[in-house]
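Input: a single structure, listed below in structure tokens.
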Amino acid sequence: MTLTPDLKNMVSPEMAEHLDVAAKQIWYWRRHLDCFIVDYLKLPLYDLQRLIIRQIGNCEDVNLALLRGFGKTYMLALATAGLCLLYPGSPVIVVSNTAAQANLLLQKLQNEIIPASPALAAEIDYSPKHGIKINSNGRSYIYFKGGSRIQACVLGRDGSSSLGLRGKIVVVDESKLVASSIINTVMRPIVSF
């Protein structure tokens, strides 16, 4: 990845060299999401967690079926936060059948992950309009300084409460409880904007 000639003319030669190095580092982290979490966010991962998070970062469609207590919510929270940082301006939608389930990922970020990572805490947009807001109605969000956000929504019985949402990434928590017709007619169009 190199800088365009127009961008190189806007900055000093020394700055252009640093930007080129930064662009290569970001390219690497986008393909190795687990390395970004360990190296930049300074959060430890087990080898299997690294493998799963790298898969999440590189695949279009990932289905996880893991044992209870394995850390699925933790891994998804890390992966979505990492993707929000590496792809500025990315809306991430987390949907589930209940508000409590939809909010779990954001609560995990707010209560465990952000306090453990000063680098991640520095990326949260705490302005009055944005910040972190977790509601019992399932309309919760975390905004990042780069313009990305993670938004939790209740899917509801027929998916109608999620109609009209737009996101680059959709996480369907407990997807085994969601009818495939809802995933195909409501969830897939969310990422088609």
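The values are calculated or read from the model by the stated rules, or taken from the named source; none is laboratory data. Just so we're clear, the structure is a prediction, and the values are computed from it rather than from any experiment. Here the Cβ is made from the backbone with ideal geometry for all residues, glycine too, and neighbour counts use every protein chain on show. These area figures cover heavy atoms from the full protein model, side chains too; ligands, DNA and RNA do not enter into them. Shrake-Rupley method; radii C 1.70, N 1.55, O 1.52, S 1.80 Å.
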Problem - Base-10 log of normalised Debye intensity for the stretch 29-145 (one unit scatterer per alpha-carbon) at q = 0.10, 0.18, 0.20 Å⁻¹ - result: -0.28, -0.96, -1.20
Exercise for the section: Measure of size requested: the Rg and Dmax of the stretch 10-58, with Cα atoms as the atom set and Å as the unit; please supply both. Expected result: 13.8, 44
Handout entry: Assigned charges on the beta-carbon of Lys, Arg, Asp, Glu; the stretch 18-137 dipole about Cα centre (debye)
Key = 160
Completion exercise
The answer for the stretch 15-61, accessible area per residue at 1.4 Å probe in Å², is 65
Practice task
Using a cut-off of 10 Å between beta-carbons, work out the net charge of the residues near Leu76 (Lys and Arg +1, Asp and Glu -1, Leu76 not included).
Solution key: +1
Exercise for the section: Could you work out how far the C-alpha centroid of the stretch 17-89 sits from that of the stretch 128-151, in angstrom? Expected result: 20
